[in-house]
Amino acid sequence: MKFEVLVIGGVLRAMPYVMAPYSTVSMLYDENAKILIDPGSFVTWEALEKKLSEMKLPTDEVTDIILTHVHMDHIFSSIFFKHATFHVHEKYAERDYSSFGNLSGQLYSMVVSSWKNVQRLKGSERLFDCIDVFYTPYHSSDHISLVIETQNMGRILMPGDICYTKVEYYEAVKGYKNDEAARFVRETSKKCDWVIFTHDEPLRISR
């Protein structure tokens with residue numbers, strides 16, 4: 001399968017109290033499957049729509065969605081892909097989303113309830129014969145990371161939010177951070193050609 005980053009993630013900040021993180025949105029595809037990874041937030045739905053329009057890809061032709069974890073900056077735009085199969089760690093189902101808050105509880109419940117076809121993951125699967133799933137609960141209890149074998153970019157590490165910027169990656173690689181998340185990123189990235197960050201530009205790994 002081929003891999004493409006559709007929207008590069010980041011964080012918008014506005015004083016005094018507004019912070020809006022938005023996740024990188026990626027696609028893995030061939031003639032049979034169109035797989036979105038972390039479809040993104042309300043900050044980027046227009047950018048995603050523009051990209052899908054350029055690709056001439058209607059939302060109902062997206063076959064699968066993989067979620068690194070269930071946080072709103074990663075999942076909001078999932079509501080637009082009603083025909084997709086959702087691949088998400090099984091821990092997501094243990095949360096009481098209605099308890100998140102008067103507004104956020106309703107929002108999370110609305111988005112999660114829109115997923116009609118869910119494939120629950122444990123974190124040791126191989127998906128589509130090219131994606132290895134790792135359970136990495138260092139950011140949230142339902143968090144997974146991915147290693148993807150692609151036709152156009154070699155092996156890709158998608159660590160999700162356990163390592164969401166280049167700064168965090170270099171801290172892990174150089175040993176400045178040495179917790180479980182950092183060790184996973186450091187060792188796994190040694191076998192990869194690219195790191196796709198959730199809130200930063202992609203990084204090609206130099207040898």
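The values are calculated or read from the model by the stated rules, or taken from the named source; none is laboratory data. Treat the numbers as computed from the prediction; the structure is a model and nothing was measured. In this analysis, Cβ positions are derived from the backbone assuming ideal geometry, glycine residues included, and neighbour counts consider all displayed protein chains.
For segment 12-22, does any single residue satisfy the condition of being more than 19 Å from the chain's Cα centre (by Cα), in a strand (DSSP E or B) and either of a type in the set (D, E, K, R) or at pLDDT 95 or above (or both)?
yes
Filter segment 23-50 down to residues that are more than 13 Å from the chain's Cα centre (by Cα) and hydroxyl-bearing (Ser, Thr, Tyr) and give me whichever is farthest from residue 5 (Cα to Cα). Give the derivation first.
Keep residues of segment 23-50 that are more than 13 Å from the chain's Cα centre (by Cα), which gives 29-34, 42-50.
Keeping just the survivors that are hydroxyl-bearing (Ser, Thr, Tyr) gives 29, 44.
Working: 29: 11, 44: 13 Å.
Among those that are more than 13 Å from the chain's Cα centre (by Cα) and hydroxyl-bearing (Ser, Thr, Tyr), it is 44.
In this structure, is residue 65 closer than 15 Å to residue 120 by Cβ, at pLDDT 95 or above and touching a Ser or Thr at 6+ places or on another chain (Cβ under 8 Å)?
Numbers: closer than 15 Å to residue 120 by Cβ: yes; at pLDDT 95 or above: yes; touching a Ser or Thr at 6+ places or on another chain (Cβ under 8 Å): yes.
Criteria met by residue 65.
Of all residues in segment 9-45, count the ones that are of a type outside the set (Asp, Glu) and either loosely packed, with under 13 Cβ neighbours inside 10 Å or farther than 22 Å from residue 112 by Cα (or both). First the steps, then the outcome.
Going residue by residue through segment 9-45, those that are of a type outside the set (Asp, Glu) are 9-29, 32-37, 39-45.
The next check asks that each one be either loosely packed, with under 13 Cβ neighbours inside 10 Å or farther than 22 Å from residue 112 by Cα (or both); those that pass are 10-19, 28-29, 32-33.
Selection size over segment 9-45: 14.
Mind listing whichever residues of segment 173-182 are in a helix (DSSP H, G or I) and over 20 Å from the mean Cα position of the chain (by Cα)? Let's see the steps before the verdict.
Pass one, segment 173-182, residues in a helix (DSSP H, G or I): 173, 180-182.
Scanning segment 173-182 gives a single hit, 173.
Does residue 161 fit the bill of being in a helix (DSSP H, G or I), touching a residue at least 24 places away in the same chain (Cβ under 8 Å), surrounded by 14 or more Cβ atoms within 10 Å (Cβ to Cβ) and among the acidic types (Asp, Glu)?
Numbers: in a helix (DSSP H, G or I): yes; touching a residue at least 24 places away in the same chain (Cβ under 8 Å): yes; surrounded by 14 or more Cβ atoms within 10 Å (Cβ to Cβ): yes; among the acidic types (Asp, Glu): yes.
Against the criterion (in a helix (DSSP H, G or I), touching a residue at least 24 places away in the same chain (Cβ under 8 Å), surrounded by 14 or more Cβ atoms within 10 Å (Cβ to Cβ) and among the acidic types (Asp, Glu)), residue 161 qualifies.
Any idea which of 15, 27, 1, 55 is among the aliphatic types (A, V, I, L, M), closer than 20 Å to residue 194 by Cβ and free of Cβ contacts under 8 Å to residues at least 40 places away in the same chain? Please lay out each step first, then the result.
Values: 15 fails: closer than 20 Å to residue 194 by Cβ; 1 fails: free of Cβ contacts under 8 Å to residues at least 40 places away in the same chain; 55 fails: closer than 20 Å to residue 194 by Cβ.
Going through 15, 27, 1, 55 in turn, the sole match is 27.
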